[in-house]
1. What tally of residues in region 334-346 results from selecting those that are open to solvent by less than 60 Å² (accessible area, probe 1.4 Å) and under 18 Å from the mean Cα position of the chain (by Cα)?
2. Only residues that are under 15 Å from N99 (Cα atoms) and in a helix (DSSP H, G or I): list them for region 307-319, please.
3. More than 18 Å from A356 (Cβ to Cβ) and either among the basic types (K, R) or at pLDDT 90 or above (or both): which single residue out of I115, I176 fits that description?
4. Restricting to region 80-111, what's the tally of residues that are open to solvent by less than 50 Å² (accessible area, probe 1.4 Å) and at pLDDT 90 or above?
5. Those residues that are buried (at least 20 other Cβ atoms within 10 Å of the Cβ) and in contact with a Leu (Cβ under 9 Å, 6 or more places away or on another chain), I need them from region 112-124; list them, please.
6. Within region 146-159, is even one residue modelled with pLDDT of 85 or more and of a type in the set (D, E)?
7. Name every residue in region 165-202 that is open to solvent by 10 Å² or more (accessible area, probe 1.4 Å), of a type in the set (F, W, Y) and touching a Ser or Thr at 6+ places or on another chain (Cβ under 8 Å), in order of residue number.
8. Pairs only if they're at least six apart or on different chains, beta carbon under 9 angstrom, first in region 295-309 and open to solvent by 90 Å² or more (accessible area, probe 1.4 Å), second acidic (D, E); list them, first residue then second.
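The values are calculated or read from the model by the stated rules, or taken from the named source; none is laboratory data. Everything quoted here is computed from the prediction, not taken from an experiment. Ideal geometry is used to build each Cβ from the backbone, glycine not excepted, and the neighbour counts take in all protein chains shown. Surface accessibility is based on the protein's heavy atoms, side chains included, excluding ligands, DNA and RNA. Shrake-Rupley method; radii C 1.70, N 1.55, O 1.52, S 1.80 Å.
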Amino acid sequence: MHMNNLKKTYDRADIEYEDRQISYFIISYYLVHTLNLTIKYIFPIPVDLYSQVSIILGIILVVFFLKSIRIVLKRSLIPFVFCEFFLLSLFLLSYLMGNAELSLLLENAVWAMIICLPLGIYMYSISNKGIFYKLFIKSSLIMSILLFLSIVFNEKDISYSMPFSYALLVPTLFHINEFFERGRKIYLCISLIEIISIILFGSRGALISIAFFLILKFILNEKNLIKKISVIFIILITLIIIYFNFDRLGMVILEYLAEEGYYSRTLYLLFSNRITYDSGRFEIFKYYLNLVKQKPFLGWGVLGGWIKKGYGPHNMLIEVLLAFGVIVGGLINLLLLLSQFRIFFVKDKKTRDLLAIYMSICIVLFFVSGNVLQKPNLFIFLGLVLSSFKHRKRKIDIGGVKYDYTTEK
């Protein structure tokens with residue numbers, strides 16, 4: 001009896017320690033990314049020194065990586081090696097096909113193989129997702145404060161910043177989820193401030209993610225039907241009131257912001273009836289779909305056919321078709337779409353919460369965003385999805401006797 005209790009205590013302590021070490025690396029990425037934006041916005045650093053700043057901050061990531069890589073390799077050696085080799089093969093094949101710029105391939109290879117994939121494998125390797133969730137909540141306020149400082153004290157007169165909105169989006173969704181799950185009003189207040197900041201200074205894509213997350217939480221909520229109908233009714237009444245007072249409301253808000261010295265690109269597009277303005281994306285979609293038609297079977301290879309850096313398909317589905325062709329690319333897209341439904345079959349509460357958060361972050365990739373090889377959040381989401389299927393067995397040694405235990409998701 002004593003040995004069994006000792007075994008359970010040892011198991012729990014061992015797993016939690018390792019999960020914390022793995023979680024620290026993932027969280028350190030978000031902190032470094034946030035600090036990187038903040039430093040570049042607040043201090044008058046020349047653009048040609050940006051890469052040096054990023055490299056210096058990257059040392060922090062390396063430290064956390066080295067502290068936890070042994071644990072990850074112990075848990076996920078085969079998936080890690082296989083995925084790295086697979087990505088390397090894709091880049092080499094694309095280089096041999098000759099349809100992509102070498103500089104573009106090298107930059108994306110660094111992002112995909114050194115940053116994105118390790119983050120996905122690290123998330124895949126965490127046994128208790130609740131540990132990561134709790135640690136992220138503790139550090140998320142630091143991220144939000146840094147991002148607020150980057151806007152308030154910026155040296156570059158920023159009125160619109162896409163990187164800011166997507167960086168703030170991650171802690172915002174965690175805070176909204178925390179309010180829904182624990183009912184703490186402080187997180188509601190923080191979330192509202194964050195959402196207002198995104199509306200004032202950020203992009204519409206981040207707002208799409210927030211709206212999608214709220215809808216998803218509503219669907220997943222276990223409240224009875226009457227309460228759900230009541231919420232829907234209140235929302236409909238609110239929307240009707242806004243609709244009939246739309247022009248007047250828009251005039252008041254825009255005039256007030258102008259008096260205070262603010263300009264919101266999102267609100268301007270909304271109240272000028274241009275919120276669906278595609279910023280030229282529709283023409284980009286047509287251009288790349290025509291390229292897909294030119295090589296429908298083999299595709300152009302990873303990053304093949306891109307106009308230049310920053311001018312890719314701006315749509316994950318088109319990007320995959322362009323790279324792999326209609327057959328292979330279509331199969332990959334089908335799997336990506338099916339992965340969105342995994343959330344409805346996961347029993348572990350914290351895993352489901354994290355799936356909802358990262359699924360909402362990545363939803364814009366299906367519509368208005370792309371460059372998936374530089375999207376760590378997508379790799380983390382896929383790591384969550386794959387980890388929700390697995391059962392893990394491990395051996396420990398207590399008093400010279402080896403025991404098996406299984407961690408089930």
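1. Just the residues of region 334-346 that are open to solvent by less than 60 Å² (accessible area, probe 1.4 Å), to begin with: 336, 339-340, 342-343, 346.
This time we only want the ones that are under 18 Å from the mean Cα position of the chain (by Cα), so: 336, 339-340, 342-343.
Of the residues in that region, 5 qualify.
2. Scanning region 307-319 gives a single hit, E319.
3. On the way: I176 fails: more than 18 Å from A356 (Cβ to Cβ).
Within the list I115, I176, the selection yields I115.
4. Initial filter on region 80-111 (open to solvent by less than 50 Å² (accessible area, probe 1.4 Å)): 80, 83-84, 87, 89-91, 94, 99-100, 104-105, 108-109.
Right, trim to at pLDDT 90 or above and you get 80, 83-84, 87, 89-91, 94, 104-105, 108-109.
The total comes to 12.
5. A112, C116, L117, G120, M123, Y124
6. The first filter runs over region 146-159 and keeps only residues modelled with pLDDT of 85 or more, leaving 146-149.
Add one more test, that the residue is of a type in the set (D, E), and what stays is none.
Within region 146-159 (the criterion being modelled with pLDDT of 85 or more and of a type in the set (D, E)), the answer is no, since none of the residues qualifies.
7. Within region 165-202, Y166, F179, F201 meet the criteria.
8. K308/E101; K309/E101; K309/E107
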